[in-house]
Structures are given as C-alpha cells and as structure tokens.
6 protein chains.
Amino acid sequence: MSIVDLKKEGDVFILTMQSGENRFNPTFIDAMNQALDTVEKSSGPAALVSTGGEAKFYSNGLDLAWLAGVGEKERDQFVKSVLKFLGRLMAFPIPTVAAINGHVFAAGAMLALAYDFRVMRADRGFFCLPEVDIHIPLAPGMTALIKSQLSPNVFRYCILTGARIGGIEAKELGIVDEAVPAEQVLPQAMARAVSMANKGRDIYGTLKRGMYAEAIALLESGAVILP
Amino acid sequence: MSIVDLKKEGDVFILTMQSGENRFNPTFIDAMNQALDTVEKSSGPAALVSTGGEAKFYSNGLDLAWLAGVGEKERDQFVKSVLKFLGRLMAFPIPTVAAINGHVFAAGAMLALAYDFRVMRADRGFFCLPEVDIHIPLAPGMTALIKSQLSPNVFRYCILTGARIGGIEAKELGIVDEAVPAEQVLPQAMARAVSMANKGRDIYGTLKRGMYAEAIALLESGAVILP
Amino acid sequence: MSIVDLKKEGDVFILTMQSGENRFNPTFIDAMNQALDTVEKSSGPAALVSTGGEAKFYSNGLDLAWLAGVGEKERDQFVKSVLKFLGRLMAFPIPTVAAINGHVFAAGAMLALAYDFRVMRADRGFFCLPEVDIHIPLAPGMTALIKSQLSPNVFRYCILTGARIGGIEAKELGIVDEAVPAEQVLPQAMARAVSMANKGRDIYGTLKRGMYAEAIALLESGAVILP
Amino acid sequence: MSIVDLKKEGDVFILTMQSGENRFNPTFIDAMNQALDTVEKSSGPAALVSTGGEAKFYSNGLDLAWLAGVGEKERDQFVKSVLKFLGRLMAFPIPTVAAINGHVFAAGAMLALAYDFRVMRADRGFFCLPEVDIHIPLAPGMTALIKSQLSPNVFRYCILTGARIGGIEAKELGIVDEAVPAEQVLPQAMARAVSMANKGRDIYGTLKRGMYAEAIALLESGAVILP
Amino acid sequence: MSIVDLKKEGDVFILTMQSGENRFNPTFIDAMNQALDTVEKSSGPAALVSTGGEAKFYSNGLDLAWLAGVGEKERDQFVKSVLKFLGRLMAFPIPTVAAINGHVFAAGAMLALAYDFRVMRADRGFFCLPEVDIHIPLAPGMTALIKSQLSPNVFRYCILTGARIGGIEAKELGIVDEAVPAEQVLPQAMARAVSMANKGRDIYGTLKRGMYAEAIALLESGAVILP
Amino acid sequence: MSIVDLKKEGDVFILTMQSGENRFNPTFIDAMNQALDTVEKSSGPAALVSTGGEAKFYSNGLDLAWLAGVGEKERDQFVKSVLKFLGRLMAFPIPTVAAINGHVFAAGAMLALAYDFRVMRADRGFFCLPEVDIHIPLAPGMTALIKSQLSPNVFRYCILTGARIGGIEAKELGIVDEAVPAEQVLPQAMARAVSMANKGRDIYGTLKRGMYAEAIALLESGAVILP
C-alpha cells in the first residue's frame, strides 16, 4: 500500500493519506507533492479532497522519530520542503477541502489550515497546535498561515495554550467550516468540493495568491525562527 | 434626474444613487466624487448615508457594457479612478453609512465595504464578490479593502466561493452591521449617522488612515493584478 | 501604600494596581516595569495576573491632569515610555492575565489588550477607546496592538464610535475572554494563570514575538501620529 | 516683500524663498504650499526651480525660535504640516530642481532632498543633518526621504556624524547633482529645469509615487519618533 | 532561424537573441523561457550568457507594434508573462551575465538588469528607461527590480530623465559592470560566466531569492500600475 | 589571557579580540556581550573601537570546528545568539568603529559591517562573504544588515561572487571608510572614535534604530533561511 492514494470521483480527486498517523517525513511529503502534481496536470473541472486512511488520524505533523534518528542530518532540507509544500497547497489553483477524520496536530493542523475548506469529525479527534508545550518555535510562514485562517482571538488561544480542540469547538471557533458525524465527514467534504469544481484555475490561483501573499512568500522563503 | 442626488437632513447628508443598477462608469464616479466634495466642504457636524434609488439595487459594480463598448479605450484610466475613489471613501474624514437597499455585487460590494457602517435589507438582495466566477482578479487594494472589513473565514468564503449572501446571513457573518426590513434600512442607517455626526473630522480621518493604512495606500497606487 | 503591589500565590504573581484610577504617569509606569522585572527575574513556573485595587477601576489610561501640568515638559519622553512598556508586556515571556475589575479606558484599555487573556467584570465597568471623542490620534503601535487582538468589525466599532462597552458585550465581541460576576473576576483570572504557569519562558516569548511582531516593533520604535 | 516669490521664465517657475534663513514656520509652509498650488494649476510644459533670496542661505530648517515661543502650542500641527509638505514635494507631478545657493540645514536639507535635482554652490554653504547634535529624532518619513536619495554610506555618514558638507564634497558624495560657482547655481538649475519641462505630468507623478512610495506614505501619515 | 539560439561552450550556455531588435512578444518570451528551462535542467557547473544576434541591438523592450495590433486582446496575459519571466530570471539559480552588444531600452533595459552581471559595449548603444517619455507607468515589480540594481541617484536619474546612457557612462554610473570594445563584449561576459560556473545551484538561488525577495514577489504577483 | 580585552583611553573604549582568528562560539559571543555591557553602563562621552589581537585576523566568523563537534547540539541557540548580538551592535547607542587589522570573513565580515565606521588595513587581509562557496544561506537579518551598508552593486558583487576583497578595493567599493597602512589602522579608528564620543546616547541610539529598523528587527527575530 502506498503512503498516499489518489483516485477520482467525478470531478473530485480524493487523496487518502494512509500511513497511520500520517506524519511528515521526506517520503510522505514527496508522495503528497506527487499527488498535487497529478491533480494540477489534470484538465477540466476539478477539486481536491484529502482525508486520513485510519479513523483516528488525519495527520499528527512532523515525524519526530525519524527526525531524531536517521533524519537528523537532513533536518534543514526536510523542514524547508515542508514549508514549501504548505506554501504550494495554500496557493493551489484548484479548490481544496480537508476531510478531517481524526487528529490534526502541529504541522498536521497547519496542513489542514492550508486547505481552502475544512470539514471535521464532531465526536472524536482534536485540532491542536502544541508547539508551546513541545518547545518548537513556529516558522514565520507557519505563523502567517495560521493567522490567515483564524480570527485574532482564536489565533491567540490556539498558539498560546496549545489546547486540544474537538470538532464542535473547532466549528464554534471558526477553525473548521463544519463539524459532522464521522460518517459524514467525507461526504460533506465531497459535496463542498463538487460545488467548487467549476472554478477557473487561473483566477482561483490568482485570487488565493493575492489573499495569502504574505504567508505564501514566507513559506517559500524557507525562513524558520530558531528556538 | 441626475445620477446621484445629495440632500441634507439635519446633520446627515443623504446620497441617493439613482441610475438603476448604479454601475460604475466615469459619469457615475464623477458624480460620486462631486457628492463627496460637497460633504467634505461642509462645516459643522456631519455624516453621510448612501442608498440606492431603486428598491432592487444598491450597486452592481463596474458597468461592464460600457467597458466592453465605448469605454474600452479608457479602461485603465477608469479602473484607476475607481481604485482612487474607493481609497478616498475609506479615508473619508466624516462618518459614513451604507444603507444597502438591494444587491451589492463585485465593485458594488467593495463600495459598501468602504463605508464605516453597513445596514442591509434582510428580505431581499445579495452581497456577492463574483470575481472568481467572472474571472476578474482583485486589485491588491481591493483585496486589502475586503480583508480590512471581514474576519479571515468570511474573507475566504466570500472570495473563494463567490456566494450570494442575503442580508440575514451577511449580518451573521459580520459583513454588515445590521439586517433589517426594507423600510427600516434608511431609518436605521440615518440613526447610526446621527449618532456619529459629532465626531471631529481631523481625528476621524486620522484614525481611519491609521487603521486602514495599507488598503488606502494600495488603492491610491492604482496597482492592479493582471489576469 | 505603594502604587503597585506584587505578591505571589503558588506560581502566580498577583499585581494589584492601587492608585485609584490607575492612570499612567512616570511613577506608575516605573512601578509597573519594576513589577515586570521581578516577575521576569523569578525562576520556575510562573504566570502574572493584574487587577485594580479599587472596585471601580482597572485603569483609566494616561494621567491627563499630570500631563497638562507638571508633566507637560516630559510629555514626549513619557509617551515613549508608555509605548515601550506596552510592547514589553505584549512580548512578555510569561503568561499574563488581566483581571478587569472595573473601567478600562483609552491607554488603560490598551493595557488590558496587551495581556494574553482578559477576564472582565460583567455587571459594571466599561471597555472604551475614547480617542475619537477626545481628539487624540492612536500611535501606530497602539493601532497595531488593538488590531492584533480584535476582529475587524470590533476593531472598527471600538475605534470609530468610542463606545462604552460593558463586560457582557465585551465578551460577546471577543474583546475579553470571560465576563463574570465581580467576585469571580480574580479567581477566574487566577485559574487561567494557574493553567498556563508551566509554559516554557523561551518558547512562550518566542511565539508571542512572532505572533505580534509588527505591533511590538512599532511600539518599541516610539512612533506616534501627530494630531 | 512676501516670504516667497514665484515668477515664470519660459516654462520654468522660479520660486525664491526670501525670509532670510528661510526657516519653517506656518507662514513659510503656507506660502510654499500656495506656490506649489499655483505651479500645479498651470497647464502645459512646466518645471520648478527654487532658490534662496539671500546669498548665504537656502534654508536652515525649522524656526526653532518660533517653536520655543508662540509656536509651542501649535507644535504638533505644525510638524505634521511640514511632513505633509515634504511628501507633497516628493510626489510633485512636475520636475523640480533645488538651486542651493547657501546653507541647507536640518529640515532645510530634507527640503533640498525632496526636489528631483540639486545644484549647489561650490565655494560656500553647507549641507548638514545636525539632528544627532541637536538631539532631535528624525520622523520615519524623514529617514525614508533621506534614504531614498543617498547611498547607504552617505546616509550613514550624514546622519551619524552631523557633518557640515560643502558643495564640492556634496557633489562627490552624490548628495547633489552639481556643485558650481555661485553665479552659475541658478542658471544651471534653470537649464536642468528647461530640459525636463516637457515631461507629462500624469506619468511623472505616477513614476515618482512608485519610486518613493514608502517615504511618501510615511510622510503623509504624520508619524514622528519621540525622543 | 529560431528566435533564440542556445549553445554550450564548456560550462557556459550562450543564449543569442536573434530577432533583430529582440522585442518582447509571446513568441519571444516563450523562446526565452524554453532556453531557461534547458539551462535549468542541465546538471553540473553552469553559467548563462545572453547577447543580441545583431550588432545594434540587445533588446528594445516590448513589441509595441504587436501590442497595438493583433496582441491587443492578449495584452494583460502577455504583460503578466513578461513580469513573471523577469522574476524568474532574477531568481535564476545559475549565474547569469548579459553581454550587452547594443541598445537596451525599456523592458529590454530591465531584462539586462535582471541578469547577475552586465558587460556593455563602450562605443555604441544606449541603456534607456524611456517610460517617462512614452507615458508608460512602471509595474511595482519593475520599479523594485530597477531599484535593486542601481544606487539611489542613478535610479532617480534613469527613471526621471529617460536619458540615453552610453556604455562608458553606464559603467561610471554602475549600471553595468564593464564597458568594453564591441569585440570584447562577449569574451568578457564569457570570462565572468566561466569564473562563476562552479557556484552551487541551491545556495546561489537561495541567496538571490533572499537578496531580491521584494522585487521577485512583486514581479510574480503580476501587479501593474495603471496609467 | 581572556578572549576579549577591554580598556579605556580617554573617552574611547578599545576592545581587543584576542583568540587568534576570533571565531564566534558561545564563549566569544558572551565575552563580546559583556564588553558591550561595560561600555553601555559607562557614563559620559564614549565611543568604542574594536580590533583583532593578532596582525592577521580581525574575525573569521563562526567557529565551524566547534559547530561540527561539541557545538552541534547547541547550534540553533548559538546561531540565534549571534543574530541577536549583531542586532545589538547595529543598534548600539554609542559610536562604534571597527579597526580591521586583518581578515574579515563570513560572520566576521558582518561583524565589521555592524559597526558604524570601518578602517581597514590596506596591504593585507581580505573582506569576504564566502557563503556562496561554503553553501550557507544568509539569515534574513544578515542579508538586511549587509544591504544596509553596501550600495546595490557592491551588495550583489560581494554576495554572488564570494570574492576576497583587499583593503584598497574595499575602500573603493565603499565597504570600508578608510584603507590605511597597518600601523595606522588603530590610530585612525581611534581618531574617528574620539571625534564621535560626544554624541548623546539617546539620540544616537534612536537615529540608528530608525535607520536600520528592518535589519535590527530581522536579526532580533532569530529567523534563518534553511539551506
């Protein structure tokens, strides 16, 4: 089974991340980029929905075990590739929807925030930015990404407390667009994607690059804040 | 009947746009600027309320028929004058209230967002940023204007979906300050204007230029994003 | 009785401002900075709660009587010290909670907004940015501080109207995190502080400086807008 | 004799500042703005040359005697009007040349730097930014104005040392475009003005606003740095 | 004969633009981008030198005849592609040298300024930014590109006067790195290229993106200033 | 012998870096910061001159041996402390002069650029930014520091080529203010320092923070660009 599965239903590409916690390491980011390549190379109406292959996880962020082990030597290159990938997703010229079926933690939460829309499972799973508790500074591009999606109070609450926020609360706080029962997460995300699939790619990409200019530029710069 | 009617009730100037859909062409923008000149030259307490002369429309934005016809040669000059006008309105040193009696589409929606306060009709009429569907990029100053008035989620929703948003929803999303029955739109806008008419012009203009510095500078620059 | 009292309960420093309206003059700012010095020099888990010593006031802002009298000669130096102090508080590397027991007006409101969290008394006391009515421009750093904490609509409403906003409304508008009965203001603020006291200082300060980079830099620059 | 004399030779307006040291006070700034109004309202080819009416002075900057006396109450308003005037001159849509016949000190030096071209007397008179020695901070717009005209080394040298720089050195450092004998200052400035008088006003203003966008916006904001 | 010829000598790619005045139209920009693709896809040490195929011209900028004729409908798309191309060249991760064998006018001058180094013919040919005289505003990205390469005085002189600047003067003003006899233009450019061909592509691109971040982002945004 | 020696002659503090190549490691940065502490705590007229204790070296930059060995674990913290130190030096409220007696490489060259004035030995020793050849990206704050001191052409030349630049060329390029025989380096630096020692600290620091606001903020942020 490959790390990422990409299939198409009607005009909607469904990207299933299927490596358990879907933690970011070079293999995962490469697979995600290849999926984006495929979607981008398609023609005609299109939208992208992503989800996790296991019920419990959407993505738990960086693969800390890999980073502390064999990945240590590649840390800088890898972190840069993550930032670049998030920037690519923010600017993606095709509508994107995250079907958040389980936990979104740290870089996994930022991954979800880089999608255009978010549908989250209501009964289980947390949105969490735990950087304050695991002592990892946010890169300027990450801070800008988060700020571009959350209102000032929610931005402050999520980053300063590192709180674990369930689907219902995430909907109330505007972190996600919908919180629905587990079995409706993917269908609702699909419905949003279908309704957006006819947007023109040029204009869609141009609008997003204008809306998120600062975050995209900072992510592409590769800048990080040292701890 | 002139395109724009300006009269004064107590301390409140009432500007009625009365060319049907109130689409922007040079004649319309000139008339609006002249109305602003008159208001600005007045002395003493003052506030400005604007509304549409027909029940159905506040403003539908650029006069695309004119632009595709005789206006084609003047397109650049005209678009620049629109940007400059929106910047002038954002920085206007006298309290402004949009009494949104009908549709506000595209540049018409931005016009409404350039006022200090917005009272919208609840039962009919849509707020809509259709640029994503009509394939027209937003000028950087327009993006900044919209961002200055909407929370991150609403900014994203309006621009990416191009949704038509009725008065009730517009109030819930914070796009407008009030959604009221048709016959109360103007009275409620007037009431807000009356309550604001005693603000000092110097301090009011200074505060607005500080609050909206980036949007005003971008609008005044005349910069547009090419499609 | 000194202007500011600082004591410690468990991991929480409680700073009581006890000069009545707690207006800002050099003595007050010095005392506040000394209290921050003490908190910063401490080691181990820590959080800071501030409150007003009298039931009616948290802080009413600048000491205008002093400024119009003996303070006139020192005005520039003093205003600069206020801006610098607000910047210091925004970047403070230890969790901070304002227990708003009474009025917060003008610079006093900004003081409250420079804390990480705000618990306000529900039954009495107003949050108010009266600059529009007392004809005092906001320094760029103050505008940025306020913008960093309020959603676009609330930012606009507070600054343009100068409205007096009670605790309940302040909670609804997201100006404060909680509005509670008078006797619960300090306990609720304490509870928040306790829950945050274990955050690491380095990461906490780094995250805040990243989140509020623009406001902090503008406050530290000492820039003001002339009326 | 009025403070400022404006006459026209061919396409060139010659503005002679004739109040001795040509220090800035409200009367002086008003007269300068009126002269700019006249030039701006003209039609057809045009350029502007300014010079000092006495051999020894172009302009020595702010009228410190007035500021310390009757002007004290108006200080803020006045300083703001100076910043706004400098911004207007930087963005002036007609070519401008400073014929620097004598000293240019402090705000007088900034005045000279706000012109498009500078011809300085070689044998006598100094360019000097003495703020470091008279303990007056530069407003952000002033710093940006100076930076927009000088190379990094000269920017650093002028501001940090407060050196008095004669015409020859000023030419070598690129502070002025020419250093010539006293009797050639005005003729050379006139020759430059004549050669520029046919530039189109719209494009000339647009290009300058683009080139100096940051300085112009900061000057117009009225921001100052407190000492 | 194709519009652009690309051959390799040792580690140096030599790109010869061979359509006479080498004016920019879609065919030209496409050919240039394809040449950059080829260079970028190569591996090992590499540098790029470009020159004009005719003695008289390096590039005279936009193909105004095409734009006024069949190109009129595609104007926006085309201008955007020019901006994007200039941004790509500024960020190109391989050393680039312009062998300026003849005139560089308008966008052609900006093309030359987007290379890392410039060797110009001393005896004939002009560097000229004639926008002020042909009434064409500079896009913000173009202004930033020019500012990134020229000292403040030269930036001002070139844009405000629209002067035609020969090779010797261009060298004196720092617009080009060398001015040499016609037959040495290409050899000198080659020598520079050879000396730079061993720079690592990753670091070279990263450094350039950092040095020119603002200009590159503005060029990529597609923003233009309306006349 | 301590790493850094600080003594005072008249009003001038002379800081001698005496660890051979004066490479940056935590011990070195701590010693430098302590020296700055001492200078800052002094009262009365003061200026600071720094030089290298050995004839051959001023500073060769980061201690790569330490970083590759025991320092590897502390890399991030250390790099952050270097950025912060450079920012402190750029903003130092007392005149500073680098007496460059020998090589200044990489971070050592940036150290020299963070001083207010530079006197370099003419006959031996190089200024060099070798990052392009040793494949180390410049932190945004470093890029901004270098840009704040060098003209656009020199900025481009130094960073893109990594050239070794002797004292005479460094003077011609404006990298240093003077290039003098070895035995005059310290005396000339002293003379400059003496002439500056009477500047007021408040105004001097305020002016520098205004002139270098962007570089100082980026250095203090701790941001780095990943390779």
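The values are calculated or read from the model by the stated rules, or taken from the named source; none is laboratory data. Note that this is a predicted model, so its numbers are computed, not measured. Backbone-built Cβ (ideal geometry, glycine too); neighbour counts: all protein chains shown. We work out accessible area using only protein heavy atoms, side chains counted, and drop any ligands, DNA or RNA first. Shrake-Rupley method; radii C 1.70, N 1.55, O 1.52, S 1.80 Å.
Below is a table of values for the structure above.
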{"read-out": "Loop-located trypsin sites (Lys or Arg not before Pro) in region C:1-89, at most 16 other Cβ atoms within 10 Å (DSSP)", "value": "C:LYS56"}
{"read-out": "Inter-chain shielding of E:147-157 (mean C-beta neighbours from other protein chains, 10 Å cut-off)", "value": "6"}
{"read-out": "Cα gyration tensor shape of region D:135-189, rounded if a/c is under 1.5, else prolate or oblate by comparing a/b with b/c", "value": "prolate"}
{"read-out": "At least 18 Å along the helix axis (C-alpha) and Kyte average at least 0.5, DSSP helices within chain D", "value": "none"}
{"read-out": "Nearest-first distances (nm) between copies at A:GLU40, label 7 Å from Cα via Cβ", "value": "1.0, 4.5, 4.5, 4.6, 4.7"}
{"read-out": "Heavy-atom surface of chain D, accessible at 1.4 Å and reported per residue (Å²)", "value": "36"}
{"read-out": "Computed E for C:ASP202/D:ARG75 - FRET, C-beta separation, R0 60 angstrom, nearest 0.05", "value": "0.90"}
{"read-out": "Long-range Cα-Cα pairs in region D:166-206 (distance over 16 Å), rounded percent", "value": "51"}
{"read-out": "Simple Cβ-charge dipole of the protein assembly as shown, Lys/Arg +1 and Asp/Glu -1, about Cα centre, in debye nearest 20", "value": "0"}
{"read-out": "Rounded percent of accessible protein surface that carbon and sulfur make up, chain E, 1.4 Å probe", "value": "53"}
{"read-out": "Chain F - Debye-derived log10 I(q)/I(0), Cα point model, q = 0.08, 0.16, 0.17 Å⁻¹", "value": "-0.25, -1.12, -1.29"}
{"read-out": "Scaled radius of gyration (Cα, divided by 2.2 N^0.38 Å) that region C:96-156 gives", "value": "1.10"}
{"read-out": "Shielded residues, region E:189-227 - accessible-area loss of 50 Å² or more between chain alone and all protein chains, probe 1.4 Å", "value": "E:LYS199, E:ILE203, E:THR206, E:LEU207, E:MET211, E:VAL224, E:ILE225, E:LEU226, E:PRO227"}
{"read-out": "Whole-angstrom Cα spans of the protein assembly as shown along principal axes, big to small", "value": "83, 77, 75"}
{"read-out": "Inter-copy separations for A:GLY20, label at 7 Å along Cα-Cβ, nm, ascending", "value": "4.8, 6.7, 6.7, 6.8, 8.6"}
{"read-out": "Rg(Cα)/(2.2 N^0.38 Å) for region E:1-135, N = residue count", "value": "1.01"}
{"read-out": "Beta bridges per DSSP with both ends in the protein assembly as shown, % antiparallel, nearest 5", "value": "30"}
{"read-out": "Solvent-accessible area buried by D and B, counting both chains, probe 1.4 angstrom, square angstrom", "value": "300"}
{"read-out": "C from F by rotation - nearest chain F beta carbon to the axis, in Å", "value": "F:ALA217, 3"}
{"read-out": "For region F:94-227, share of DSSP beta bridges that run antiparallel, in % to the nearest 5", "value": "20"}
{"read-out": "Straight-distance crosslink candidates among lysines, where the alpha carbon sits under 22 Å from D:LYS7 and sequence neighbours closer than 8 are dropped", "value": "D:LYS41, D:LYS56, D:LYS199"}
{"read-out": "Beta bridges by DSSP in region D:1-155, antiparallel share as percent, to the nearest 5", "value": "25"}
{"read-out": "Given charges at beta-carbon only (K, R positive; D, E negative), |dipole| of chain C in Debye", "value": "280"}
{"read-out": "For region F:54-82, residues shielded by at least 50 square angstrom of accessible area compared with the chain on its own, probe 1.4 Å", "value": "F:ASP76, F:LYS80"}
{"read-out": "Taking region A:13-172 and dividing mean pair separation by its residue count, relative contact order in percent (alpha carbons under 8 Å, at least six apart)", "value": "22"}
{"read-out": "Percent of Cα-Cα distances greater than 19 Å, calculated over region F:104-227", "value": "51"}
{"read-out": "Separation of alpha-carbon centers, region F:75-143 and region A:84-145, rounded to whole Å", "value": "38"}
{"read-out": "FRET efficiency for F:LYS7 and F:ARG164, using Cβ-Cβ distance with R0 set to 41 Å, rounded to 0.05", "value": "0.85"}
